[in-house]
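Single-structure report; data block below.
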Amino acid sequence: MKIHKEGKSILLWTPVVLCLIYYIIHKKVALSYYQSIGCAMLSATLYLWLIYFFRDPYRIIHQQDQYILGPADGKVLRIERVYEGEYLKEERIRISIFMSPFNVHVNRFPMSGKIVYFKYHPGKYLVAFHPKASTHNERTTIVVENENGQQILFKQIAGFIARRIKFYFKEGEMVQQGEKCGFIKFGSRAEVYLPIDATIQVNTGDKIKGGITVLAKI
């Protein structure tokens with residue numbers, strides 16, 4: 001299993017931290033044999049979960065200009081018509097995708113083109129499925145414009161557990177649909193703002209695979 005680069009340092013230091021915690025507890029409290037076994041099992045479970053969380057599965061991306069791909073793994077939380085006031089200044093169809101701690105957290109570009117807008121917003125850490133998370137939480141806003149002048153805005157949004165959003169590109173760079181663009185550590189949310197006339201291909205509750213699932217046709 002390939003491990004994403006964002007997890008390598010965490011996986012390196014976690015065993016050291018867990019051993020230190022066990023040592024401190026053992027010095028203060030005389031643990032029984034079964035308590036020691038329980039601590040070891042909890043530590044092993046946590047470490048195995050971290051390995052699973054930072055997995056970076058190989059995916060074959062079929063690039064199609066007329067389709068918008070999901071930017072992240074997760075479940076469609078809601079599909080709604082909203083006014084996008086940060087950059088586009090117009091009504092759009094917003095698809096919100098909830099990424100649980102058990103989903104792959106690699107983020108991908110939903111469309112090929114040029115990054116015409118990027119902004120990082122510090123903010124709160126409401127639970128990722130909270131309606132106000134889109135505007136109140138720590139987040140990044142990215143707008144990609146294709147060769148036909150069509151613009152797609154998408155967001156990386158931190159959740160209650162997430163404390164770090166990574167985005168690897170800069171404004172003005174050319175990107176490819178399905179290309180890895182970032183990572184959100186632990187529970188989080190992704191949003192895509194589509195044109196009103198887009199043909200939506202998913203429904204609320206559907207499971208999404210980043211770079212594979214088609215969200216809409218434009």
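Observations on the model:
- Given Lys5/Lys75; Lys8/Lys89; Lys155/Lys217, the pairs whose alpha carbons are separated by over 29 Å: Lys8/Lys89
- Of interest is the spacing of the C-alpha centroids, which for the range 11-62 and the range 160-218 amounts to 30 Å.
- For the range 67-217: rounded, prolate or oblate by the Cα gyration tensor [a/c cutoff 1.5]: rounded
- Point-to-point label distance, Gln64-Val82, nm (Cα→Cβ direction, 7 Å offset): 2.6
- Net length gained if the chain between His136 and Thr14 were fully extended (0.36 nm per residue, minus Cα distance): 40.8 nm
- Shape category assigned to the range 5-53 from the gyration tensor of Cα positions, a/c cut at 1.5: oblate
- On full extension, the segment bounded by Glu90 and Thr199 gains 37.5 nm, given 0.36 nm per residue less the C-alpha separation.
- Think of the chain as a dipole: +1 on every Lys or Arg Cβ, -1 on every Asp or Glu Cβ, centred on the Cα centre; then among Tyr83, Ile184, Val143, Ile184 lies furthest on the positive end.
- Of the peptides 75-81, 136-142, 192-198, the order by per-residue mean of other Cβ atoms within 10 Å, starting with the highest, comes out as 136-142, 192-198, 75-81.
- The helix-based estimate of mean residue ellipticity at 222 nm for the chain, built from -39,500 (n - 2.57) per DSSP H run of four or more residues and divided by its residue count, is -7500 deg cm²/dmol to the nearest 500.
- Relative contact order of the chain, defined on C-alpha pairs under 8 angstrom at six or more residues apart (%): 25
- Here r is the Cβ-Cβ distance between Phe102 and Glu173 and R0 is 41 Å; the resulting FRET efficiency, rounded to 0.05, is 0.85.
Bear in mind that the values in this text are calculations on the coordinates, not laboratory data. Only a predicted model underlies this, so the values are computations on that prediction, with no experimental measurement involved. Please note: Cβ atoms are built from the backbone with ideal geometry, for glycine as well, and neighbour counts cover all protein chains shown.
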